[in-house]
1. Between Leu242, Leu24, Leu184, which gets the highest mean-square fluctuation from a Gaussian network model of the chain, Cα cutoff 10 Å?
2. May I ask for the distance between the Cα centers of segment 35-66 and segment 148-211, given as a whole number of Å?
3. Kindly point out, ordered by number, any Cys in the chain whose beta-carbon has no other cysteine beta-carbon under 4.7 Å away.
4. Once you've got the GNM for the chain with C-alpha springs shorter than 10 Å, pick whichever of Asn267, Asn23, Asn290 has the biggest mean-square fluctuation.
5. Around Pro276, what is the net charge, scoring Lys/Arg as +1 and Asp/Glu as -1 over all other residues with Cβ under 12 Å from its Cβ?
6. Which of Gly25, Gly262, Gly221 moves most in a GNM of the chain, Cα contacts under 10 Å?
7. Please give the contour-minus-distance gain from Glu28 to Lys138: 0.36 nm per residue of separation, less the Cα-Cα distance, rounded to one decimal in nm.
8. In what order, largest first, do Thr123, Thr37 sit by accessible area if the probe radius is 1.4 Å?
Amino acid sequence: MTKKARHKGMPYALSIEPTTACNLGCPECPSGLKQFTRPTGKLDLELHKEMLKQLRKSTFYINYYFQGEPFLHPQFLELIKEAKRNKIYTSTSTNAHFIDDTAAKDIVDSGLDRLIISIDGLTQKTYENYRVNGQLSKVIEGTNHLIAAKKKANAKTPHLIFQFLAVKPNEHEIPEVFKLGNELGIDEVRIKSAQLYDYKHGNPLMPESEEYSRYKLQTDGTYKLKYKTGNHCWRMWSSSVLTWDGKVVPCCFDKDAQHVLGSLENNSFKKIWNDPVYVSFRQAVLSHRNQIDICQNCSEGAKVWV
């Protein structure tokens, strides 16, 4: 609002990455495609405690997800418990392939507040078209285990969300996912538009219905991002992303950590947040955001259907 790149506050929201490892091979995901230039690893519990120690006074929301499948971290729920001990709201996203009866009980007992379950198809054929190497049956089984565990514990959390990524092979199933969510007892169903890296000349995953697409057909036959990306972004002032190895990057669109603004290995977060490098990045957003690579395919302002 003030067009100033520096401010005296601290972020109230964070994304913390438990791991970059993933069991699936989704076609628009650098983690699934194993295309990262940065190393695969998992968040150390002591580093996590240090993150919370530095940020717990200002942060009240943490999304324990950036890249990878969080439940591949063998001590993932210890991260959640530590955040809950610091009275922080917690959320994560999962492909639900590792949730059996015991895991579901542990998830409910951990205090996790919100859990997004990626479903992305209502038949194995449509599901595996995007969730390569995945099994829809495991998603349904994991969901049922979670719902049963919540009922047994008489727990309101985690708030369970079915997230359906709308792509051409599954868009005809969109009405049915709401029905399935209601039948199973899911708390919420969301339809999410897909980020496509190669979209200018079309893409086999691009939905036929423009309503569900982030991209708009132009008169010359090419596509462009249909959301306006002006010189502003609230995320630069309200939140930040911490990778599994303690690097600080500006937002969740910097998936391969190409814009590292500092590292907790040798600096405090507060120093990084106010460092000239971070301030310069914010200033770039205010002056020429459309020239920043990670901003050129950003969905800020994109519609989510609920």
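1. Leu184
2. Result: 27 Å between the Cα centres.
3. When partners are defined as cysteine Cβ atoms under 4.7 Å apart, the chain leaves Cys22, Cys233, Cys251, Cys252, Cys295, Cys298 without one.
4. Highest fluctuation of the listed residues: Asn267.
5. +2
6. Gly221
7. The span from Glu28 to Lys138 would gain 37.5 nm if fully extended.
8. Thr37, Thr123
The values are calculated or read from the model by the stated rules, or taken from the named source; none is laboratory data. Just so you know, these numbers come straight off a predicted model, no measurement behind them. Cβ atoms come from the backbone with ideal geometry, glycine included; neighbour counts cover every protein chain shown. The protein model used for the area step is the full one, side chains on, heavy atoms only, and it has no ligands, DNA or RNA in it. Shrake-Rupley method; radii C 1.70, N 1.55, O 1.52, S 1.80 Å.
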